1. Any residue that is within 24 Å of Val257 (Cβ to Cβ) and touching a His at 6+ places or on another chain (Cβ under 6 Å) - is there at least one of those in the stretch 6-18?
2. Would you confirm whether any residue within the stretch 551-559 is more than 29 Å from the chain's Cα centre (by Cα) and more than 23 Å from Ser442 (Cβ to Cβ)?
3. Only one of (1) within 31 Å of the chain's Cα centre (by Cα); (2) open to solvent by less than 60 Å² (accessible area, probe 1.4 Å); (3) under 27 Å from Val188 (Cα atoms) fails for Gln483. Which number is that?
4. Among the numbered conditions (1) at pLDDT below 90; (2) polar (S, T, N, Q); (3) touching a strand residue (DSSP E or B) at 6+ places or on another chain (Cβ under 6 Å), tell me where Ser235 comes up short.
5. In the stretch 646-666, how many residues are outside any loop (DSSP other than H, G, I, E, B) and under 38 Å from the mean Cα position of the chain (by Cα)?
6. Which condition does Ala708 not pass, out of (1) within 19 Å of Ser570 (Cα to Cα); (2) surrounded by 15 or more Cβ atoms within 10 Å (Cβ to Cβ), if it passes all the others?
7. Between residues in the stretch 368-381 that are crowded, with 19+ Cβ neighbours inside 10 Å and residues that are of a type in the set (Lys, Arg), which pairs lie under 7 Å by C-beta distance while being six or more apart or on different chains?
8. On the given criteria, is Gly639 free of Cβ contacts under 8 Å to residues at least 60 places away in the same chain, open to solvent by less than 40 Å² (accessible area, probe 1.4 Å) and in a helix (DSSP H, G or I)?
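The values are calculated or read from the model by the stated rules, or taken from the named source; none is laboratory data. As the structure is a prediction and not an experimental result, all values here were calculated from the model. Glycine also receives a Cβ, built like all others from the backbone with ideal geometry; neighbour counts cover every protein chain displayed. All accessible areas refer to the heavy atoms of the entire protein, side chains included, with ligands and DNA or RNA removed. Shrake-Rupley method; radii C 1.70, N 1.55, O 1.52, S 1.80 Å.
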Amino acid sequence: MIISYQWLLEYLPEPLPVNELSKILTSIGLEVEAVEPVESVRGGLEGLVIGQVLTCIKHPNADKLSVTTVSTGGSEPLHIVCGAPNVAAGQKVVVAPVGATVHPTEAAPFLIKKAKIRGEESAGMICAEDEIGLGKSHAGIMILPEDAVVGTLAKEYFNIPKTDFAIHIGLTPNRSDANSHIGVARDVCAYLTHHNGERFIVKGPEVLFSEVSGPKTLKVHIEAPIACPRYTGISLAGVNVGPSPEWLKQRLNTIGVRSINNIVDITNYVLHEYGQPLHAFDADKIEGDIHVRFMDEGTVFSGLDGKERKLRVDDLMICDAVLEGLPAGVFNVPTPLAMGGVFGGAGSGISEGTTNVFLESAYFDPKYIRRSSLYHGLRTDAATHFEKGVDINNVLPALKRAAAMIVDIAGGKIASGIIDEYPAPLQPVTVTASYNYIQKLSGKDYAPAAINNILTASGFEIETATSEGFTVKVPSNKTDVSQPADLVEEVLRIDGLDNIELSNRLNIALTKAYPSDRAMREQMAEMLCGAGMQEIVTNSIVNSKYYPERTDLVRMINSLSSELDVMRPSLLEGGLEVVQYNCNRKSHDLSLFEYGNVYSKQGDKYIQESKLGLWITGNVRAAHWDQQPQRANIFHLKGVIKNLLAYSGIGNCTFSHSDANGVNELVGKWKNKVLCIAKQVEAMRLNEFDIKQDVYFAEINWDIWVKAMAANTIRYSEVPKFPAVQRDLAIILDGAVTYKQVEEATEQLKLEGLHSFSLFDVFESEKIGKGKKSYALSYTFQLQDRTLTDAETEQLMSRLMDAYKNKLSALIRE
């Protein structure tokens, strides 16, 4: 959301510097993300003055230059050399004296200095309109009317608005009450009231509105009261549609809203002033009465953008319909004029020829607006406000404000009384809370009087109060307040989020608290980052072309584009897009990970699963003077997963390896459940992404991983006091024998004292026999109660060699 600083100041009882205001806004939860200066004229004509040319003669050394003396109201006239062909004595002009900075329309600013031009001194510049940003003409200097007063500052003469600031606020979705200038002003006044000890009240706009007592030219029929609890409107006649005045254009420009015409601009202005969307109809294009209703499925609606849309049965529409005087046999068919709270219709919009206007101000239920807006892809300002919730009691004041502005700016007159259909007024929400609860949840020892003061300053009405607690009536603009915790938020915000006190006590539970899912994710992420991997975040909406054969895709009803039309069924493709992006920029060595959800559909059931994806490609170890580069492979990825298992304390995970169609794949299982799958990405898949190097990918089932972590039992053993003994062994095996078989043969012996073993070399050569390979293994032996003797160690090694010979037909290399 963008707020205009100068606009906001109109509602505050006293001016605040923009820096101080920004601090207050951030403190009350309206985080200021940026403050940008906005000028209607670059430089604001600062330093320029109105002058009068006293004398003008030709330059003695240049035919196209003139030497002038110019009075600017000072004691001495300025000597200025001017190159404009239209300069003459007696003219009133704009002068930039020495020291002023001018800001040309289409060039960089420059400082005016004393100069000698062809031998003549010049102490300033007589300005053309393009030289000071007031236009594009450079045919000659600006010649002002005779009544221009010499010495007047140019910014005052041209009535240049003060420099404004666009304040960018990161508004959270629940803060619909602050989604306007008056809403922000309310919060600021509440903050000032609490901290300054005196009551600050928002200065609302002066609305000069005189209601007509004549007949209402239109009737409104609310046929969907749940979707539209309140609808107000008024008719205006004799308006002149045209450009808006400059001040109105400037206000809208500051907050990033494009000026269209005076009527539409006024509705946008009031929207951002009150937070209440409005819509203006061309009254001459409305036949009969206004009906707020649902239409039949498939009814065609033509919007202001010229596109036709087929409506759903729960799209709330504003329609017209002739109710009387129809010939016999002629059926009354309602015509959609607008999609309520979302988008106007092509047939009833304001145009240059509009002279009569029907102005709408209504309250629409947020869920109906959200559904229609998302389904039809119409993310308008009005829809954004309605779907967050607006103040139902603001409907009428906003209507009067807009009507008065139309009369003032566009002419015309009020042509009817106010229509206000409100069949079932909404009852205010009440919330009961105790002072102890607010103190406990906020962590701050607020006095009851301070709590009451903050709430009343924020618009809450205290209905009952005791020494223990109170009941408040929630103001209608606070649509997110419904429970005591919401009151705590209000108190903390207005007191200032940066005033939350830190306790000087630290409470620690003696029992081990099982970490939350988020904490586990962060711990794993830290471990992966420590291993040299980088976290990525990819879009969960992907292109269906990646999955031509899948029938379980979750397709988007309101897809953002043809390339983003399904929810991802796997993390793989998003990571491959990242790999492609980096490889195209000569970054080939990548180790990436991502937490994310994947989606699928089984019949009418939608399934969401949490996953952890890992991608490795290129070199995992760079070349160095003492080592060769090491390329990524499936076993390096397996090593990362094993480290994660050890870090998470997950035991009893078994891996199975396959090499089908030349693609390496590892499947890790825990209690017969697939915990993870690691594989080499298929060449065909890599070609789709134009990736020309091997990529290895693993997808961990995070939900099962969490269960496995929870099942972990911590076992403690003393650090051994006695030294370890290491032995190495080389065995020759048939090429079909896998390392997993070696592991199984070793573990089945259950040797006491065998602490660990690992493979450190694989050798294949015709020298050891065709179809043979050699494994070099390292063993570590260690006991808790004594040091192993050489004889005991040799006996253990002998048992290992016998097992390899008998079970694997191994030959022992001497």
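1. Scanning the stretch 6-18 turns up at least one residue that is within 24 Å of Val257 (Cβ to Cβ) and touching a His at 6+ places or on another chain (Cβ under 6 Å).
2. So the first thing to find is which residues in the stretch 551-559 are more than 29 Å from the chain's Cα centre (by Cα), and the list is 551-552.
Still in the list and also more than 23 Å from Ser442 (Cβ to Cβ): 551-552.
Yes, there is a match, as at least one residue in the stretch 551-559 is more than 29 Å from the chain's Cα centre (by Cα) and more than 23 Å from Ser442 (Cβ to Cβ).
3. Single failed check for Gln483: (2).
4. (1)
5. Let us first name the residues in the stretch 646-666 that are outside any loop (DSSP other than H, G, I, E, B), namely 646-648, 653-658, 660-662, 665-666.
Pick out the ones that are also under 38 Å from the mean Cα position of the chain (by Cα) and you get 646-648.
Matching residues across the stretch 646-666 total 3.
6. Looking at each condition in turn, Ala708 falls short on (1).
7. These pairs meet every condition: Ser373/Arg379; His376/Arg309.
8. Details: free of Cβ contacts under 8 Å to residues at least 60 places away in the same chain: yes; open to solvent by less than 40 Å² (accessible area, probe 1.4 Å): yes; in a helix (DSSP H, G or I): yes.
Against the criterion (free of Cβ contacts under 8 Å to residues at least 60 places away in the same chain, open to solvent by less than 40 Å² (accessible area, probe 1.4 Å) and in a helix (DSSP H, G or I)), Gly639 qualifies.
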